[in-house]
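The values are calculated or read from the model by the stated rules, or taken from the named source; none is laboratory data. Just so it is clear, the model here is predicted, and its values are computed rather than measured. Note that we place each Cβ from the backbone using ideal geometry, even for glycine, and neighbour counts take in every protein chain shown. All accessible areas refer to the heavy atoms of the entire protein, side chains included, with ligands and DNA or RNA removed. Shrake-Rupley method; radii C 1.70, N 1.55, O 1.52, S 1.80 Å.
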Amino acid sequence: MAQQHEKFGPFGVVTTTEHHHEDAEEEEEEEDVEMRDEGEEEEERNGNSNNTPSTPTTAGGGIRRSRPKEEKERTKLRERHRRAITAKILTGLRRHGNYNLRVRADINDVIASLAREAGWVVLPDGTTFPSSSSTSSQATKPLTTVTNAAALMSTSNQMGGGGGTTPVTPSIIGVRNSVHNRSAGRMKTVFVPSSVDVSTSRSSTIANAVVGDQAGEKVNDDSSALIDGCMEVVDIKDMNPDGIMDITTNFQERDFASSPYVPVYVMLPLGIINSKSELVDPDGLLKQLRTLKSINVDGVMVDCWWGIVEAHAPQEYNWYGYKRLFQLVRDLNLKLQVVLSFHECGGNVGDDVCIPLPHWVAEVGRNNPDIFFTDKEGRRNPECLSWGIDKERVLRGRTAVEVYFDYMRSFRVEFDEFFQQGVISEIEVGLGPCGELRYPSYPVKHGWRYPGIGEFQCYDKYLMKNLTKAAEARGHSFWAHGPENAGCYTSQPHETGFFCDGGDYDSYYGRFFLNWYSQILIEHADRVLSLAKLAFEGTSIAVKLSGVHWWYKTASHAAELTAGFYNPCNRDGYSAIAAMLKKHEAALNFTCVELRTLDQAEDFPEALADPEGLVWQVLNAAWDASIPVASENALVCYDREGYNKILENAKPLNDPDGRHLVAFTYLRLSSYLMEEPNFEEFAHFVKKMHGEAVLDQ
């Protein structure tokens, strides 16, 4: 017998029938699969260790066939895909559903919110039942069953005068949904509301749907928005020998015509200026810039490397190569975003050249290595200067902040004509490794590998001195140390006593340390931006913030904590940064806007990453503070799927305040981008960012 009950979703409430314990059986089956896999692997290991073949047996003593390794992997992939879909649903409801959910709401919160919206009563212990008003309104709903094993679909055959409905046997129907196919149109047993425009491989008029557990069980309800008008014919002739049919649905892409204009810039190659401050291959660059201009790209971004301009002696600046580059850009009527890069280039993802810090700074570092960030093992990171020397006169008589200010003033004087003519549209001030406002907590050179949590970088003598003062001011001098159980660069949160659920990160000491650690980051940015605002009065300034999205779905957000973002599940770590930027009227440039949570869940399920959730949080923190927000992609992007994700973040759909990005910078100019079909796809993306109509291919 079947049990009748109510099910609810984002499109309304549907009365359904399900067999007893169907969901429980499915979960038990998944657990059995995992246990069986583990048992088989253990038996294989035991057999190998004894140098004797082992034969798997069942509980009753019979011989059990070991499943092929490929089948085990397929099972794992299906489970990962199912979990990834759940994460995608949660993200969409938070972003577009206007549900009153906590920032870190889990699936139970979402289900309860949907139930209450549908008129149900949800008690604190989870007991759920329809209210008196909703019971009567739902009594007339038809009974349907949706099974995960097969989607049973049929339509009335109105071609050739036929009007009957042909039931389809569930045992021979399947829907292929490979996790390797990331087409946005792929669906597995998905109901689409009739308001969505869906074109299918087999066009037919839909009058009825058969969705049942037995062949021929018919549901006739023309008023159901979940069923009527959203199914396609499943013809046995269209299936492969395995009983699997590919169902590809092509959703109409969002039309960005007449949407807000968002300028598009393209980053120039890292080595466009060599170590002698000379422009590399000006003729080849001119050709590429003309091609970019032909599709109405607004401008380019270039790094002005401290290690090139002030390479040999303090306050001796060589801007020659940059001046020639800026003239070339101006002649093509393009704009310039200039990055003042006070960090070294090389050793990070995407770095194809090596540009160290100035030679004279390296000499100071050899005598006093504490000018660099240091981890708990005492390893120095010469990628950038420690924030502990911002006010320490250790750089040939100058503090680090004074060195940065002198560099900025020299640039402003040298390129005054480009400021006056409006060629330079923005100055992005480098504030840390990779030019980003963060600690160098995940350096590859020290053994970090994704998705490791990284390590705290506060063990140089200057920052430790600052920590000691903070602990004494708090009245707990014994807190003047870094966490002792925070793992290593490649650790995962649950492997540490500090970052695990209920770990020391949320203890009295943990909260003190993390607040101090993150405040050092904010104070550094505050000091440097105060001088940048003075040097570049009248010009927009910006700060780049990195998207540390791995472990975002855990309670501690360990990777963000080591990077300096105090953003665990019970605290908003980005609002304080936004408030500081607002103080200086600086824009926020955020990365990873092209990344999709679903892709991360498929490729690195163990990372518990959520780039979409992080982007949503950071962008809203900035917009709530009323500061401009720009963005760039974290990894190379050439496909429409990635571009559409950027567009979605650049121009949020149905935002009541009409908020959007002020600019987008593409990473980066290369010969591969200029090839077809990559360049044609990029040209379409630029048009959409500009709010122009584009004919989809």
If you roll a 1.4 Å probe over segment 493-574 with all protein chains in place, what percent of the accessible area is carbon or sulfur? 47
What is the percent carbon and sulfur in the accessible area of segment 578-636, measuring with a 1.4 Å probe over the protein chains and ignoring ligands? 61
The answer for the net charge of residues other than ILE355 whose Cβ lies under 10 angstrom from its Cβ, with Lys and Arg +1 and Asp and Glu -1, is -3
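Can you give the local net charge around LEU437? Use residues other than it whose beta-carbon is closer than 13 angstrom to its beta-carbon, Lys and Arg +1, Asp and Glu -1.
So the environment of LEU437 carries a net charge of -2.
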Given a 1.4 Å probe, the accessible area of segment 542-697 per residue, as a whole number of Å², is 33
Given an 8 Å cut-off on Cα distances and at least 6 residues of separation, report the relative contact order of segment 452-530 as a percent. 26
Heavy-atom surface of segment 423-539, accessible at 1.4 Å and reported per residue (Å²): 39
Share of accessible surface on carbon and sulfur in segment 256-323, whole %, 1.4 Å probe and ligands ignored, is 48
Segment 317-395, accessible area per residue, ligands and nucleic acids excluded (1.4 Å, Å²): 42
So what's the net charge close to ALA486: Lys and Arg +1, Asp and Glu -1, counting the other residues with Cβ under 10 Å from its Cβ? -2
Show me 278-291, 372-385 ranked by packing, highest mean number of other Cβ atoms within 10 Å first. 372-385, 278-291
Sorted by average packing, counted as other Cβ atoms within 10 angstrom per residue and highest first, what order do 338-345, 515-522, 109-116 take? 338-345, 515-522, 109-116
